[in-house]
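The structure is given below, and queries will be raised subsequently.
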Amino acid sequence: SRLMKLTPGDRVALLASIGGSQGLTTAWCALQNGASLWPYPVMDKGAEGLGDWIAASAISVYISSPSLFRHFIKSLREGAILSSLRIAKLGAEQATSEDFAAFQKHFPEDAIFVHTLGCSEAGNIAALRLSYGDRFHDGSLAAGKALKGMEVLLVDDDGKPVPLGATGEVVLHSRYLSAGYWRNDALTAERFSADLDIPGVRIFRTGDLGRINADGDLELRGRKDSLLK
């Protein structure tokens with residue numbers, strides 16, 4: 001919510017199920033800041049009518065996965081501008097420069113584009129905040145910089161920090177991590193550990209690979225294993 005600076009005047013579209021991380025985070029961020037939450041049943045209605053619903057409901061905050069965003073954008077009329085929207089926040093998958101270009105085409109010039117990286121074990125980890133006139137290289141967007149309360153480190157197979165610009169496993173240090181995996185003590189022990197230097201802080205090995213680019217932003221580089229995310 002700090003990234004989006006939600007206010008009681010905002011109308012936040014709820015497009016994901018609250019049974020998942022993105023939907024639950026959307027609901028809490030809206031309600032804790034006094035904004036109103038507007039559910040739209042995408043699974044039943046599809047993305048085709050979403051643009052008209054946003055305009056008619058004066059929705060100001062759009063939050064979804066990049067996949068749904070792409071279907072939504074394809075449903076819009078050529079030249080359509082979603083004038084009520086001031087924020088597009090994409091997460092749960094990696095967004096691309098094409099997604100940002102679509103945002104520039106259909107959102108107002110004072111709108112903000114937010115790309116987040118998160119996981120079920122830690123919630124939101126990092127974010128990249130772009131304004132309408134920003135330019136970005138073609139391809140996948142960076143995940144951005146670590147959010148408050150979250151330290152992101154890149155380590156090698158021995159757990160040692162990799163040199164700046166090198167690829168390593170993304171490891172999180174935070175007080176705000178999951179307690180572990182339900183009834184799976186072995187996996188919990190493999191992925192989670194205590195930070196012996198800072199009381200209350202724990203460590204989570206994500207299995208994701210990443211590097212820090214010249215702008216200081218985290219870029220994802222795939223997985224250490226065959227897990228699909």
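The values are calculated or read from the model by the stated rules, or taken from the named source; none is laboratory data. Predicted model only: the values in this text are computed from it and were never measured. FYI the Cβ positions are ideal-geometry reconstructions off the backbone, even for glycines, and counts take in every protein chain you see. These accessible areas exclude ligands, DNA and RNA; they are computed on the full protein's heavy atoms, side chains included. Shrake-Rupley method; radii C 1.70, N 1.55, O 1.52, S 1.80 Å.
Please tell me the relative contact order of the chain in percent, rounded to the nearest whole number, where contacts are Cα pairs under 8 Å and at least six residues apart.
13 percent
Quick check for me: using +1 on Lys/Arg Cβ and -1 on Asp/Glu Cβ, what's the dipole size of the chain about its Cα centre, in debye to the nearest 20?
Around 460 debye, computed over the chain.
Amide H to amide H under 5 Å from G207: which residues, 5+ apart in sequence or cross-chain, H placed 1.01 Å off N in plane?
V170
Right, another one. Hey, could you pull the Cα Rg and Dmax for the chain, both in Å?
So, for the chain, Rg and Dmax equal 18.5, 56 Å respectively.
Using θ = phi - 60° and the Karplus form 6.51 cos²θ - 1.76 cosθ + 1.60, what ³J(HN,Hα) does each residue of the range 159-175 get, whole Hz, x for Gly and Pro?
Each residue's phi maps through the Karplus curve to give x, 9, x, 8, x, 4, x, 8, 8, x, 6, 7, 10, 9, 10, 6, 7 Hz.
Please go through the residue pairs K74/K145; K89/K145; K89/K160; K160/K224; K5/K145; K5/K224 and name each one whose alpha carbons sit more than 24 Å apart in this structure.
Those over the limit are K74/K145; K89/K160; K5/K224.
What is the Cα centroid distance between the range 82-117 and the range 186-229, reported in whole angstrom?
Each part's Cα centre sits 26 Å from the other's.
Next question, about the same structure. For S57, what charge total do you get from the other residues with a beta carbon under 13 Å from its beta carbon, if Lys and Arg give +1 and Asp and Glu give -1?
-1
Under 5 Å between amide hydrogens, which residues at least 5 positions from I112 or on another chain qualify, with H placed 1.01 Å from N in the peptide plane?
For I112, the qualifying residues are I87, A88.
Which ³J(HN,Hα) values, rounded to whole Hz and listed in residue order, are derived for the range 85-90 from phi using the Karplus coefficients 6.51, -1.76 and 1.60 in 6.51 cos²θ - 1.76 cosθ + 1.60 with θ = phi - 60°, glycine and proline given as x?
So the Karplus estimates, Gly and Pro as x, are 7, 10, 9, 10, 10, 10 Hz.
Would you tally the net charge around D138, using a Cβ to Cβ cut-off of less than 15 Å, leaving D138 out, and scoring K and R as +1, D and E as -1?
-3
I've got another one for you. Could you work out how much longer the chain between I18 and L31 gets when fully extended? Use 0.36 nm per residue separation minus the Cα distance between them, nm to one decimal.
Here the answer is 3.4 nm.
A further question on this structure: Looking at A58, M43, F192, which one has the Cα that reaches farthest to the positive end of the dipole of the chain (charges on Cβ: Lys, Arg +1; Asp, Glu -1)?
Of A58, M43, F192, it is A58.
Over the chain, what percent of the accessible surface lies on carbon and sulfur atoms, probe 1.4 Å?
Percent of accessible area from carbon and sulfur atoms in the chain: 53.
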